[in-house]
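Input: a single structure, listed below in structure tokens.
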Amino acid sequence: MHLTEDHQAEVILAIQEAELKTSAEIRVHVESHCEGHPVDRAKVLFFDLKMDQTDLQNGVLLYLAIKDRKYAIIGDKGIDAKVPLEFWETIRDDMRPILSKNEYGKALSLGVNRIGKVLIASFPYMEGDVNELSNEISYGV
């Protein structure tokens with residue numbers, strides 16, 4: 001299940017804007033179904049998408065399984081060493097009421113914006129920063 005073109009554009013713009021202020025790499029992955037726990041699925045995708053290969057270990061994956069209404073946010077080692085454990089849960093909780101209205105683009109954009117704002121402190125944008133990961137949304141089955 002894909003997002004509408006407008007929702008895709010909204011999410012990609014949020015990623016681009018967030019990455020102008022932080023050296024962190026943010027990706028969004030969307031699929032219809034998630035068997036099992038969404039954090040476990042996100043961990044598999046994190047490696048499949050080669051998000052563990054950033055120089056500063058500062059990749060973040062926001063994962064959403066639309067039909068199963070499951071989602072998760074996970075970060076690489078560099079981020080987990082610098083942000084509080086409840087960081088991801090707070091952002092997920094902020095997204096919940098928007099997702100319950102099926103406003104996927106809005107919810108994902110909110111999540112990306114919040115991730116970016118928090119990561120500015122630990123991973124500020126650096127001169128000559130290279131975009132190591134695609135800003136495009138990836139899709140599964």
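The values are calculated or read from the model by the stated rules, or taken from the named source; none is laboratory data. Note that the structure is predicted; figures quoted are calculated from it, not measured. All Cβ positions, glycine included, derive from the backbone under ideal geometry; neighbour counts span all protein chains shown.
General remarks:
- Counting only helices (runs of 4 or more DSSP H) wholly contained in region 1-104, the ones carrying 2 or more residues that are under 15 Å from the mean Cα position of the chain (by Cα) and of a type in the set (F, W, Y) occupy 38-48, 86-99.
- Test: residue in region 25-33 that is over 21 Å from M126 (Cβ atoms) and among the hydroxyl-bearing types (S, T, Y): yes
- Criterion: touching a residue at least 60 places away in the same chain (Cβ under 8 Å) and among the hydrophobic types (A, V, I, L, M, F, W, C) - qualifying residue of L49, L61: L49
- Residues of region 96-128 that are among the charged types (D, E, K, R) and either touching a Leu at 6+ places or on another chain (Cβ under 6 Å) or buried (at least 17 other Cβ atoms within 10 Å of the Cβ) (or both): K106, R114.
- Subset tally (residues that are at pLDDT below 90 and either farther than 14 Å from G116 by Cα or touching a Ser or Thr at 6+ places or on another chain (Cβ under 8 Å) (or both)) for region 83-96: 4
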